[in-house]
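Chemist: Sharing a structure here in structure tokens format.
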Amino acid sequence: EPAQLLIDGNKAIKAMGLKKMYMALTIAKLKNHQIHIAAAGMPYPLIYRYSTGSIEEIILKGMPLGGLADFPYKDKKLCLDQGDTVFFMSDGLEEMFNPQNEMLGKEQVKRFFKETAEKSPEQIIEYLNKAGKTWANGRDQEDDITFVVIKMK
């Protein structure tokens with residue numbers, strides 16, 4: 001199960017004895033229109049609900065792996081319907097800065113996702129990359145940006 005994988009992974013990283021070694025990770029298991037998710041230090045996944053046109057934030061509070069030895073990771077199970085879109089990301093887009101030293105932030109990312117969520121995964125990723133570059137307006141990217149988009153059929 002996703003939470004148990006994080007618990008075991010956390011113990012393994014702590015057992016290595018590496019000081020200040022942390023790893024952020026989200027694990028998702030998708031089966032029969034149900035998603036089972038657990039997270040360790042990652043931005044919250046987003047779900048676009050096609051039937052309502054709303055964005056749902058999947059709040060999964062979890063320390064990065066290697067932090068606290070016995071952190072009690074939790075998971076969530078959610079049902080997905082046809083047309084729903086699930087969006088996973090690293091923190092690079094949310095923490096992108098523009099030349100005025102303003103951070104893009106979670107709410108702006110949610111707005112960008114909602115604007116494009118009915119499109120294909122490839123189009124969503126392209127739109128979000130372009131929106132981030134427009135926001136940065138020439139400022140160098142300081143962190144990685146990783147996206148995973150799942151569209152339910």
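The values are calculated or read from the model by the stated rules, or taken from the named source; none is laboratory data. For clarity, every value in this text was computed on a predicted model and none was experimentally measured. Cβ placement follows ideal geometry from the backbone for every residue including glycine, while neighbour counts extend to all protein chains displayed. Ligands, DNA and RNA are excluded from the accessible area calculation, which covers all protein heavy atoms including side chains. Shrake-Rupley method; radii C 1.70, N 1.55, O 1.52, S 1.80 Å.
Chemist: For the stretch 49-65, take each phi angle, set θ = phi - 60°, evaluate the Karplus expression 6.51 cos²θ - 1.76 cosθ + 1.60, and give the result in whole Hz per residue in order, putting x for glycine and proline.
Modeler: Along the stretch 49-65, the couplings run 8, 4, 5, 10, x, 9, 9, 10, 9, 8, 7, 10, 7, x, 5, x, 4 Hz.
Chemist: How far is the Cα center of the stretch 1-51 from the Cα center of the stretch 80-110, in Å?
Modeler: 18 Å
Chemist: Heads up, I need the accessible area for I27: 1.4 angstrom probe, whole protein in place, Å², nearest 10.
Modeler: Counting only protein heavy atoms, the figure is 40 Å².
Chemist: How far, in nm, would the chain grow between K19 and K119 when pulled straight, counting 0.36 nm per residue and subtracting the alpha carbon separation?
Modeler: That works out to 31.7 nm of additional length.
Chemist: Quick one: compute the contact order of the stretch 1-88, relative version, from alpha carbon pairs under 8 angstrom and 6+ residues apart, as a percent.
Modeler: Numbers: 176 pairs, mean separation 31.6, N = 88.
The normalised contact order for the stretch 1-88 reaches 36 percent.
Chemist: Let me ask something else. If you take the charge dipole of the stretch 65-153 about its Cα centre, with +1 on Lys and Arg Cβ and -1 on Asp and Glu Cβ, which of N101, W135, V86 is farthest toward its positive end?
Modeler: It is V86, whose Cα lies furthest towards the positive end.
Chemist: Separate question: Return the Rg/Rh ratio of the stretch 32-102 with Cα-based radii and a Kirkwood Rh.
Modeler: Numbers: Rg = 14.9 Å, Rh = 14.1 Å.
Reported Rg/Rh (Cα atoms, Kirkwood Rh): 1.06.
Chemist: What Kirkwood radius, in Å to one decimal, follows from the Cα pairs of the chain? Intermediate results must be reported in sequence, preceding the final value.
Modeler: Values: mean 1/r = 0.0607 Å⁻¹.
Evaluated over the chain, this radius sits at 16.5 Å.
Chemist: Still on this structure, I have one more. Anything over 26 Å Cα to Cα? Flag those among K20/K130; K77/K130; K20/K151; K11/K110; K77/K153, in the order listed.
Modeler: Details: K20/K130 34 Å; K77/K130 32 Å; K20/K151 36 Å; K11/K110 33 Å; K77/K153 19 Å.
Listed pairs above 26 Å: K20/K130; K77/K130; K20/K151; K11/K110.
Chemist: Separate question: Tell me, what HN-Hα J-couplings in whole Hz come from the Karplus equation 6.51 cos²θ - 1.76 cosθ + 1.60 at θ = phi - 60° for each residue of the stretch 130-147, using x for Gly and Pro?
Modeler: So the Karplus estimates, Gly and Pro as x, are 5, 4, x, 5, 4, 4, 5, 6, x, 6, 5, 6, 9, 9, 5, 10, 10, 10 Hz.
Chemist: Next up: Given R₀ = 25 Å, what would the calculated FRET efficiency be for L68 paired with D91, taking r from the Cβ atoms and rounding to 0.05? Let's see the in-between values first.
Modeler: Working: r = 19 Å, r/R0 = 0.78.
Between L68 and D91 the formula returns 0.80.
Chemist: Report the charge-dipole magnitude of the stretch 1-93 in Debye, nearest 20, computed about the Cα centre from +1 at each Lys and Arg Cβ and -1 at each Asp and Glu Cβ. Mind dumping the intermediate values first?
Modeler: Details: 11 positive and 9 negative charges, 69 e Å.
Dipole magnitude for the stretch 1-93 comes out near 340 debye.
Chemist: Roughly how many Å² of S90 are accessible to a 1.4 Å probe, to the nearest 10?
Modeler: Roll a 1.4 Å probe over it and S90 shows about 10 Å².
Chemist: Let me check something: with ligands and nucleic acids excluded, how do Y127, Y48 order by accessible area (1.4 Å probe), largest to smallest? Before the final figure, lay out the partial values.
Modeler: Details: Y127 80, Y48 10 Å².
So the residues, ranked largest to smallest area, are Y127, Y48.
Chemist: Residue-wise, which Karplus ³J(HN,Hα) couplings in Hz belong to the stretch 67-81, taking 6.51 cos²θ - 1.76 cosθ + 1.60, θ = phi - 60°, and x for glycine or proline?
Modeler: x, 8, 4, 10, 5, x, 4, 10, 10, 9, 10, 9, 8, 10, 10
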